[in-house]
Ligand SMILES: [Zn+2]
């Protein structure tokens, strides 16, 4: 049977390299008696294979995970809460479910001073999958755990006291590898898809931006180099408009270029039609960045329904 996930070239390269180095290292063992070469080579091959086996453990795990049944109960929750999922074709829905299974199996989702339900887990995973839906092998390598707080919090991660206006953040320092989301705000983004806000998508887009090594508002790994300059120019122009109160983009997007990208990503996925109408050029760019065209996807879905 064809495997969905395959080892990447780096796994092969490293294992082949290990085999060659071992064989060279063992040269004294067969230099005087060349008939020993096949035996030594066999041992080196076994060692290289063990390394390959270790390196590709997650690939095998993922191939097992995608065979897991997706429960009807979870499907109902997605249908009820996630507009993006409802807009997918049956084939893409299965793909979305596979990605959800993988995310939930690989990442810890922990409640802090709150209980976690399957709905919470599915909303976190959906926030992660929506922006990278066209990148099926996306791993969020640097993320190990998502902490769910009951409500917004302050810079000291406190749920009480002053300045509790943060609804999500990507941790750094001691919080490296962790993301914090306020449960209330996470739900709001999905329960009110007509809003231009979705804190889950916002924080995962920060991680996508960070995947090229820096959170700078330019998603280097998703964006072809030639787009970076036009992107920066469009971003600067729009940030100016936001600051002059002449844009319908959430004012938070005008605070910095690092915040602009996640803020317009929320808008792009929550209200694609409106975003396209109001910001056709930015829509085109986002289209290329995420390799998704949510407006034509919705049109196709409507056409399929009316057939
Ligand atoms: Zn942010």
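Kirkwood hydrodynamic radius computed over the range 43-112 comes to 14.4 Å, based on all pairs of distinct alpha carbons. With R₀ set to 25 Å, the beta-carbon distance separating residue 192 from residue 134 gives a calculated FRET efficiency near 0.50. Rg over Rh for the range 213-278 works out to 0.96, using Cα positions for both radii and the Kirkwood form for Rh. Calculated on C-alpha atoms, the gyration radius of the range 67-162 divided by its Kirkwood radius gives an Rg/Rh of 1.01.
Working note: Cα gyration tensor of the range 167-291, eigenvalues times five, square-rooted, sorted largest first, giving semi-axes of 21, 19, 13 Å.
Modelled label positions at residue 50 and residue 304, each set 7 Å beyond Cα in the direction of Cβ, lie 4.9 nm from each other. PRE reach from residue 251 (point 7 Å along Cα→Cβ): which of the range 159-197 fall under 12 Å by backbone N? In the range 159-197, the label zone of residue 251 (backbone N under 12 Å from the point 7 Å along Cα→Cβ) covers no residue.
Shape annotation for the range 9-55: C-alpha extents along the principal axes are 35, 13, 11 Å, from largest to smallest.
Taking every C-alpha pair closer than 8 Å and separated by at least 6 residues, the mean separation divided by the residue count of the chain gives a relative contact order of 12 percent. Between residue 113 and residue 156, the simple spin-label model (points 7 angstrom out along Cα→Cβ) gives 1.2 nm.
Does the range 168-234 come out rounded, prolate or oblate by the C-alpha gyration tensor, with a ≥ b ≥ c the root eigenvalues, rounded set by a/c under 1.5 and, if not, prolate when a/b is larger than b/c and oblate if not?
Note, shape of the range 168-234 comes out oblate.
Size descriptors for the chain, from the alpha-carbon set: Rg then Dmax equal 23.3, 82 Å.
Read the figures in this text as sums done on the coordinates, not as results from a lab. Note that the coordinates shown come from a computational prediction; the quantities given were computed from them, not determined experimentally. Positions of Cβ are generated from backbone atoms using ideal geometry, with glycine treated the same way; all protein chains shown enter the neighbour counts.
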